[in-house]
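Read the figures in this text as sums done on the coordinates, not as results from a lab. Quick caveat, the model's predicted, so the values are computed rather than measured. Glycine gets a Cβ as well: all are built from the backbone with ideal geometry, and neighbour counts include every protein chain shown.
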Amino acid sequence: MHTRTFVTLNPAALAGALLFVGACGRDSVTTPRERATSPAHYGKTSAALSVTSASPPFGDQGATVDVHVYGTGFTSDAKATWLLHGVADSLHVRTNRTTFVSSTELVANVTIAGDATLAFWDVQVALAGGKNGVGSELFEVTSAQILGSGTPGGEAYIHNANDLGQAVGRTSGTTNLAFFYDESLGIVSLGNGEGWGIDPNGTLAVGRDGNNLATAWVRQPDNTWRPEPLPTFSNSVESNATSAARAVDGTLIVGGWDGAAPPRKSMPGIDRPVLWRRSGTSWSMPQALAIPVTSTNGSVYGVNGRGQAVGSLDASASGGIVWEDASTFTLLNGTPNYINAAGTIIVGIAAGNAGPVYWWRDPLTQVWRGPVLLPSLGGTSCPRGNARAINGVGIIVGDSCDGNNGQATAWQLDFSGAAPVLVGGPWRLPGLGVKNSQTVDAKAGLRVASAAYVTESAPYRATGGALTGSGQTRLAVRWQLNLNP
């Protein structure tokens with residue numbers, strides 16, 4: 001395990017440092033291209049010296065990596081060096097050797113220190129005669145540990161995770177495949193569909209199957225998975241299970257929606273916000289949650305063990321709602337994603353997609369206050385973003401605007417006063433070598449990286465996804481966060 005220093009926190013309730021630690025450090029990273037040794041007749045060239053790219057474009061703190069450096073004008077005496085803000089720092093990124101392949105390719109074997117700065121580094125190539133070229137910010141020193149790419153398909157979207165280091169999501173391709181991840185099995189395909197919620201005990205995943213019907217996948221003793229359709233209303237045409245939590249008595253509570261057929265074919269369907277409960281091996285019928293008489297549709301996005309739920313109404317960016325029980329609700333201005341276990345903090349996105357926010361319950365009046373806008377990495381000129389999860393010590397994770405695209409981000413609230421107060425962040429969670437200044441494919445959601453869950457127990461870990469390569473592939477990743485008193 002390689003310790004990765006990331007950023008210093010200064011919370012009132014939990015002072016310390018936010019450390020990003022790779023749970024499983026990689027000793028080496030290679031590409032499919034084989035390394036080659038220069039034949040003796042390869043000589044110097046008069047071509048202009050330039051450095052254009054590096055592959056892989058990232059490396060872990062504490063790892064030794066073979067990096068293919070591409071450009072023009074390389075010769076057999078070329079040496080590659082890593083620079084931070086234009087200054088060589090061999091104590092933190094050291095080139096062990098540079099192997100000449102051709103006038104357009106070198107292979108640099110570099111060792112990244114465990115405390116190397118998490119940032120984009122320059123790659124410089126120098127020749128014996130004093131000539132050199134620099135590729136600006138071509139290589140990211142990261143703490144994002146790759147969990148996998150999905151089975152098959154090559155692209156993975158994490159939707160939720162738990163404190164056991166497990167996660168669920170979907171892989172994309174010609175069809176969506178639901179998947180489950182844990183450290184012993186890696187990424188396991190659950191078949192056609194999408195995984196959206198995960199049992200805190202790790203016994204099942206929930207989501208929808210390839211027919212868009214709410215489904216639970218139950219783990220068997222031999223580590224296979226058995227799909228179980230969730231009960232639906234008699235007029236249901238589609239449904240989805242989006243989140244899961246455990247009550248004190250062990251009952252599994254699952255939130256989502258059940259879609260009814262429209263009264264006429266020309267009308268849209270009607271989605272009803274619902275909760276299911278599973279006790280032992282038996283599922284309850286869906287429990288419909290009340291919505292205002294002015295609304296026709298609703299969906300549950302997050303639920304806690306108290307049976308409180310959050311979601312949206314009428315697919316509106318401003319039509320948020322929190323349910324205290326099946327019949328008691330409060331409307332929220334924005335879209336909430338997650339309610340904490342204590343039922344006192346909700347996080348989500350501001351109305352009109354105007355940035356990450358939180359709501360808090362006034363301890364005296366029990367009234368929900370907010371939304372309170374969280375700062376983005378890009379500052380006031382770029383406030384966009386989304387808060388996706390919060391834990392019991394006030395760590396919020398999600399993404400925020402940083403340049404052209406969203407970047408995985410963490411914040412921290414202090415709960416010691418009458419109202420929560422932001423005491424740290426935004427902190428950038430590093431990605432896999434794709435810069436926010438790059439234009440990425442729209443299918444990636446314009447997020448270079450995003451975190452979807454943060455654990456309740458120390459050492460705190462955030463789970464999500466990050467783009468790699470040319471910005472076309474999203475991998476499941478994890479960042480480890482420690483708060484040290």
Distant-in-sequence amide H partners of Ala389 (H built 1.01 Å from N, under 5 Å):
Val397
With a/c under 1.5 counting as rounded, go ahead and sort the stretch 146-483 into rounded, prolate or oblate using the C-alpha gyration tensor (a ≥ b ≥ c being the square roots of the eigenvalues; past the cut-off, prolate if a/b is larger than b/c, else oblate).
rounded
Listed peptides 380-386, 240-246 by packing density, highest first (mean Cβ within 10 Å)
240-246, 380-386
Specify which residue in the list Trp217, Val423, Gly255 is farthest towards the positive end of the charge dipole of the stretch 146-483, using unit charges on the beta carbon of Lys, Arg (+1) and Asp, Glu (-1), about the Cα centre.
Val423
If you filter the stretch 184-261 for chymotrypsin sites (Phe, Trp or Tyr not before Pro), then keep DSSP loop positions with at most 15 other Cβ within 10 Å, what is left?
Phe233
Between Gly148 and residues 5 or more places away or on another chain, which pairs have amide H atoms under 5 Å apart, with H built 1.01 Å from N, and which residues are they?
Ala476
Global geometry of the stretch 228-357, whether rounded, prolate or oblate, following the gyration tensor of its Cα atoms and the 1.5 cut on a/c
oblate
Decide, for the stretch 180-255, between rounded, prolate and oblate: order the square roots of the alpha carbon gyration tensor eigenvalues as a ≥ b ≥ c, take rounded if a/c falls under 1.5, and otherwise choose prolate if a/b is larger than b/c, else oblate.
oblate
Ordered by residue, what ³J(HN,Hα) values in Hz, to whole numbers, does the stretch 175-189 give under the Karplus form 6.51 cos²θ - 1.76 cosθ + 1.60, where θ = phi - 60° and Gly and Pro are x?
9, 7, 10, 6, 9, 10, 10, 8, 5, 7, 9, x, 8, 10, 6
Count the net charge of all other residues whose Cβ sits under 15 Å from the Cβ of Gly165, scoring Lys and Arg as +1 and Asp and Glu as -1.
-2
Can you give me the long-range amide H partners of Glu228? Hydrogens built in the peptide plane at 1.01 Å from N, cutoff under 5 Å, separation of 5 or more residues or another chain.
Ala216, Trp217, Val218
